[in-house]
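These notes are about the structure you will find just below.
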Amino acid sequence: MKKLISIALLTAVASSVNAQVRINGFANLVGGITSSDDTLYDYNDSIGFTPDSLFAVQVSGDVDESISATGQIVAYGEDDYDARFIWAYMTYEATDNLQVSAGRFRVPLFTYSATLDVGYSYHWITPPESVYDVAFNNMDGFRISYNTYAGDWEYEAQLTAGDLDLPSDFGGLTTNFELENLTTVSFKAQRDWLTLRAVYGRAKTTFLFGAFEPLLGALASTGNAALAEDIRVSKDSGTFIGGGIDIDLSSWFLSGEYTYITTDDSVFPETTAFYLTSGIRLGKFTPHITFEDFEDEPEMLSAVNDIPLGTLVPLGPGGTNVELRAATLATLGSFADERTALSIGVRYDWRNNIALKLQYTKQDDDLNDANDANLVRFAINYIF
């Protein structure tokens, strides 16, 4: 599907003799190092540059007076800078207020979704991981955008619908993550220094992870088939709810976002996260501070009590027997996560299109002190 979208987009731009092609780009050079033996955001106690660095080019062109095509190619450091299309869509401008897009585009989940990879567009080195670190950011489908004014307020509403099928990383193992009938509705209202935003999303979620199958098979074979089916993530209804507020008085700002994610009757936990951030603009300098909170709460732990005590199954190393209730409880409990993070940083606008940044982050894990970590990162963000 992605290849077909990309080919169609490039063909559309190239086929118009009078097309005005625009090329823009951006890059993030980010380095980081943790304190001794710590790991955080894929950094460790040896200085590294790959987790957050990237280089990107965006190409757009007018097919005619009402249709445009856009493609974005990004080379991520974490992918060994292998370039790939992440956006490829066409937009029809029906009126001055209404646009319809089709193809692969960014899902409007967050305040900075549209510029998520453009480090120059925000004051952090990367947006707060507690909120922004989700399994997907793009989708294949269509998007309807409508914007208007009423009094001193500016309003924007978006409806997206489509699907997603991509490999995902879970505990260092590759799995498959599918979203069917993915639909989101977002709304933004802005007046002077105040911006309010809300989003709601639904999808049928499938998570294919072979490492779960032995446990699910053991549950089914011991009279716990219903529990096994509940734990399995197969076309289960998933919900995303988010909200944000931004107060920007030019010399200082205060903003935050909140998200809630749940997948009905599955191994996935109920997830809540938020951040609050504030900063002061002092000429070319912007010192800032951010607090984050994240909680994954497993939803099916009580159902484990239905498994009879003493049921042994060969799930241990080398096929040794283990107690089924304990094994199931350990699997579900492994999704539990409670942590906070505090970041302090500064941005310096060196040129009109270049920003230099330095940021310190301290993470506290409320469930496992071994995951506490300290991280220092520095960055050069530029656009062209």
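Please treat every number below as a calculation from the coordinates, not as lab data. Treat the numbers as computed from the prediction; the structure is a model and nothing was measured. Positions of Cβ are backbone-derived with ideal geometry, glycine not excepted, and every protein chain shown enters the neighbour counts.
Add +1 for every Lys or Arg and -1 for every Asp or Glu among the other residues with Cβ under 12 Å from the Cβ of I354, and state the total.
+3
For A75 and L342 in one chain, what is 0.36 nm times their gap in residues minus the Cα-Cα distance, to one decimal in nm?
Gain on stretching A75 to L342: 93.2 nm.
To the nearest 10 degrees, how steeply does helix 2-15 sit against the main Cα axis of the chain, on a 0 to 90 scale?
10 degrees
Just from its helices, what would the mean residue ellipticity at 222 nm be for the chain, if runs of 4 or more DSSP H residues each count -39500 (n - 2.57) and the sum is divided by every residue, rounded to the nearest 500 deg cm²/dmol?
Rounded to the nearest 500, it is -3000 deg cm²/dmol.
Kirkwood Rh over Cα pairs of region 105-172 into Stokes-Einstein at 10 °C, 1.306 mPa s: D in µm²/s?
After rounding, the answer is 111 µm²/s.
Around E292, under 9 Å between beta carbons, what's the net of Lys plus Arg minus Asp minus Glu among the other residues?
-1
In whole Hz and in residue order, list the ³J(HN,Hα) couplings for region 134-143 that follow from phi through the Karplus curve 6.51 cos²θ - 1.76 cosθ + 1.60, θ = phi - 60°; x for Gly and Pro.
Each residue's phi maps through the Karplus curve to give 10, 5, 8, 10, 10, 8, 9, x, 10, 9 Hz.
Between D366 and T320, what's the calculated FRET efficiency when r is the beta-carbon distance and R0 is 56 Å? Round to 0.05.
So the FRET efficiency works out to roughly 0.95.
Straight-line reach only, C-alpha to C-alpha below 15 angstrom: list the aspartates and glutamates that K284 could link to, leaving out same-chain residues fewer than 8 apart.
D349
If you place +1 on the Cβ of every Lys and Arg and -1 on the Cβ of every Asp and Glu, how big does the dipole about the Cα centre of the chain come out, in debye to the nearest 20?
Result for the chain is approximately 1280 debye, rounded to the nearest 20.
Just to verify a number: FRET efficiency for D349 and N181, C-beta to C-beta distance, R0 = 45 Å, to 0.05?
0.55
Calculate the FRET efficiency for D45 and D82 from the Cβ-Cβ distance with a Förster distance of 35 Å, rounded to the nearest 0.05.
Between D45 and D82 the formula returns 0.85.
Over all directions, average the projected area of the Cα convex hull of region 229-343 and note it in nm².
Computing the convex hull of the Cα atoms and averaging its projections yields 10.5 nm².
Considering only L179, G316, Y92, whose Cα is most displaced toward the positive end of the charge dipole of the chain, charges sitting on Cβ of Lys, Arg (+1) and Asp, Glu (-1)?
Final value for the positive-end residue is Y92.
With all distinct Cα pairs included, what does the Kirkwood hydrodynamic radius of the chain come out to in Å, to one decimal, could you say?
23.1 Å
For region 113-190 and region 352-378, what is the separation of their Cα centres, given in Å?
23 Å
Sum up the charges of everything whose Cβ sits under 12 Å from the Cβ of Q190, counting Lys and Arg as +1 and Asp and Glu as -1, but leave Q190 out.
Once all neighbours under 12 Å are counted, the net charge is -3.
Relative to the longest principal axis of the C-alpha atoms of the chain, give the angle of the C-alpha long axis of helix 324-333, reported between 0 and 90° and rounded to the nearest 10°.
Taking the Cα atoms of the chain, the angle to 324-333 is about 20 degrees.
At a Cα cut-off below 19 Å, give the aspartates and glutamates reachable from K204, other chains included and same-chain residues fewer than 8 away excluded.
Within the straight-line limit of under 19 Å, K204 reaches these aspartates and glutamates: D140, D163, D165, E178, E180, E229, D230, D236, D264, D265, E270, E299.
I need K357, K362 ordered by Cβ neighbour count within 10 Å, fewest first.
K362, K357
What is the spin-label model distance, in nm, from F384 to A198 if the labels are put 7 Å beyond Cα along the C-beta direction?
The answer from the label model is 4.4 nm.
Counting only the backbone N, which residues of region 287-329 are under 20 Å from the spot 7 Å out from the Cα of A226 toward its beta-carbon?
What the label zone holds, given the 20 Å backbone N cut-off, is 299-311, 324-326, 328-329.
Work out, step by step, the length gained on full extension between D265 and N24: first 0.36 nm times the residue separation, then minus their alpha carbon distance; give nm to one decimal.
Residue separation times 0.36 nm, minus the Cα-Cα distance, leaves 82.3 nm.
Starting with the highest mean, order 46-54, 269-277 by the number of other Cβ atoms within 10 Å, averaged over the residues of each peptide.
Highest mean packing first, the order is 269-277, 46-54.
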